[in-house]
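Computed from the coordinates by the stated procedures, all read-outs in this text should not be read as laboratory data. These numbers come from a predicted model, not from an experiment. Counting neighbours? That spans all protein chains shown, and the Cβs are built from the backbone with ideal geometry, glycine included.
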Ligand SMILES: NC(=O)c1ccc[n+]([C@@H]2O[C@H](COP(=O)([O-])OP(=O)(O)OC[C@H]3O[C@@H](n4cnc5c(N)ncnc54)[C@H](O)[C@@H]3O)[C@@H](O)[C@H]2O)c1
Ligand SMILES: [Zn+2]
């Protein structure tokens, strides 16, 4: 290994990409042909995931075995707290890709469904990249408050008819140019995800029972809201993870509205050259204050529980091994 040496500060992307194969050279690191899980019919391996994505031990530990030492770690400068760079592994490139895939015209409008870490960050990135109107929908009070502090227009409901009606009112009756789906819940109503959940204890239980009751959420509910809300000829960008091979989609409606749809796991390295300067020259996305809780590794199980139940304002937890 020559690219990094002991003492270097690095961030390791959540997807495991070789950096040298054909798909990696196309900026499609989440489809890396070297780490693809062909037997399972799945894309590139992910740290801390089930057999479907390679079953590679995850990074919430004091030590991590990192394959492709010369090409996978992202070298970052020292001198500022970890908070500044840690989101390069996942949250920032995921939100960045969601916004890129949304194809919002300069000065145009976007509706972000879900104000978890991914949706919240997507609102910040959308503003940075020139969206004129950033609207979001969620029902969790502290998440709504965070977004409002960043001048996001928040629709305080997740009921499809209400979200669609309100967002149309805000966008000349047409609907936004793009909708980003950043809703969680991959574990409910999806055969793939419930299988994934049974297969591992590493992946945190992503089911948010309380929100289920409050918001009546299921994965397709969010996607259907996106399909109804987006303007004709607009784009839907999915970053929320979908599973299940038989989920029905309203294809006629999508065809008639001429909707464009883009999705996928974040290609982390694809966006690093764009994002890294925005972290070294300052704090363009407010990441220094992004985490709501910092806890030692021993408290991780409790923190996961609090995050799942959205207790005590848990929006983003950083573990300090
Ligand atoms: N594509 C990728 O590479 C990638 C990377 C990381 C995370 N993700 C996925 O992104 C999604 C969001 O992640 P997160 O950590 O921000 O999740 P989260 O669970 O913390 O937040 C989701 C939010 O959506 C809200 N919500 C639920 N139903 C809704 C609806 N119908 N309309 C609007 N809001 C609704 C919830 O109240 C919650 O605040 C997850 O599915 C996660 O797996 C994808
Ligand atoms: Zn590769």
ask   = Against the longest alpha carbon principal axis of the chain, how many degrees, from 0 to 90 and to the nearest 10, is the axis of helix 268-280 turned?
value = 90 degrees
message = Test of understanding: what is the full-extension gain from residue 151 to residue 70, defined as 0.36 nm times their sequence separation minus their Cα-Cα distance?
response = 25.1 nm
key: Size of the stretch 1-105 as Cα extents on the principal axes (Å, biggest first)   = 41, 39, 25
inquiry  = Test of understanding: in a Gaussian network model of the chain with alpha carbons linked when under 10 Å, which of 19, 240, 59 would top the mean-square fluctuation ranking?
reply    = 59
task = Using the Kirkwood radius over Cα pairs, work out the Stokes-Einstein diffusion coefficient for the chain at 37 °C and 0.692 mPa s, in µm²/s as a whole number.
result = 163 µm²/s
message = Run the numbers for residue 38 and residue 165: contour at 0.36 nm per residue of separation, minus the present Cα-Cα distance, in nm.
response = 41.4 nm
ask   = Between residue 305 and residue 9, what FRET efficiency comes out of the Förster formula 1/(1 + (r/R0)^6) with R0 = 41 Å and r the beta carbon distance, rounded to 0.05?
value = 0.85
query = Which order do peptides 128-141, 300-313 fall in by mean Cβ count within 10 Å, highest first?
reply = 128-141, 300-313
ask   = According to the square roots a ≥ b ≥ c of the eigenvalues of the Cα gyration tensor, what is the shape class of the stretch 215-319, taking rounded for a/c under 1.5, prolate for a/b larger than b/c otherwise, and oblate for the remainder?
value = oblate
task = Using just the helices of the chain, give the 222 nm mean residue ellipticity in deg cm²/dmol: DSSP H runs with n ≥ 4 each add -39,500 (n - 2.57), and the total is spread over all residues, rounded to 500.
result = -9500 deg cm²/dmol
ask   = Helix 160-170 versus the longest principal axis of the chain: what angle, 0 to 90°, nearest 10, using Cα atoms?
value = 80 degrees
